[in-house]
Structure formats: C-alpha cells, structure tokens
1. State the number of residues belonging to the range 33-58 that are touching a residue at least 24 places away in the same chain (Cβ under 8 Å) and of a type outside the set (V, I, T).
2. Only one of these conditions is not met by V72: (1) of a type outside the set (D, E); (2) touching a helix residue (DSSP H, G or I) at 6+ places or on another chain (Cβ under 6 Å); (3) over 23 Å from F18 (Cβ atoms). Which number is it?
Amino acid sequence: MTMLIIIGMAVITFLFRFVPLLLTNRTNGSSKVQALLEYLPIAVLSALTVPGIIQVDPDVNLVGIAAGTVAVILVLIRKIPLLLVILGSVSAAILVKMLTLYF
C-alpha cells in the first residue's frame, strides 16, 4: 500500500511539473494565459519551499528564516555557483542555531 501511495504521489508531482511545460510550448492563447503558465512553476516551488523554511527547526524558527534569507540574497547576486549558495545557507543556519543555544 505504501509503494502505491509513493508511486501515485510521484505521478501527480510529475504531471504538475510536466503539463504546464507542454502547454506553454503549444499554446497560442492570450498573453495572460502565457504569463500564468510561465509563472506557475515558480509559484508552486515557492509554495513548497516557504513552509519548509519556516519548519526547519520547530523550536527556533529563526534558523530556517536566516538560511532562506541568505539563500535569496546569494541567488540575487549574479554568477554565484549553486554550491556556494547551499554552503552559505547551511552556514547561516548553523550559526543561528549555535547562537540560540548560547543565548
């Protein structure tokens, strides 16, 4: 039963990511529909990421918020490799966690 649920979730996740891609390539609709389909993956990713950032550490919400803030700042700076964004975000989370343990 668990395997069936995992496979079902994988299929649904795949469809939510793949169908808008197909629609944006083949749709000659209005510009509003095109804009909606172009921003849909970003909106879905944000909806999945933001709650995860807040729930990183249930005791200290600031850990996830600090890591997410550092990641956003580093992403906004151009030509920063993904590895450095990840390392910066993890470093910020560790620093905030250590500071909250001592203070």
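Values in this text are rule-based calculations from the coordinates and carry no lab data. Just so it is clear, the model here is predicted, and its values are computed rather than measured. Using ideal geometry, Cβ is built from the backbone for each residue, glycine included, and neighbour counts are taken over all protein chains shown.
1. Residues of the range 33-58 that are touching a residue at least 24 places away in the same chain (Cβ under 8 Å), as a first pass: 41, 44, 56-57.
Okay, now just the ones that are also of a type outside the set (V, I, T), so 41, 57.
Total meeting the criteria: 2.
2. For V72, the failing item is (2).
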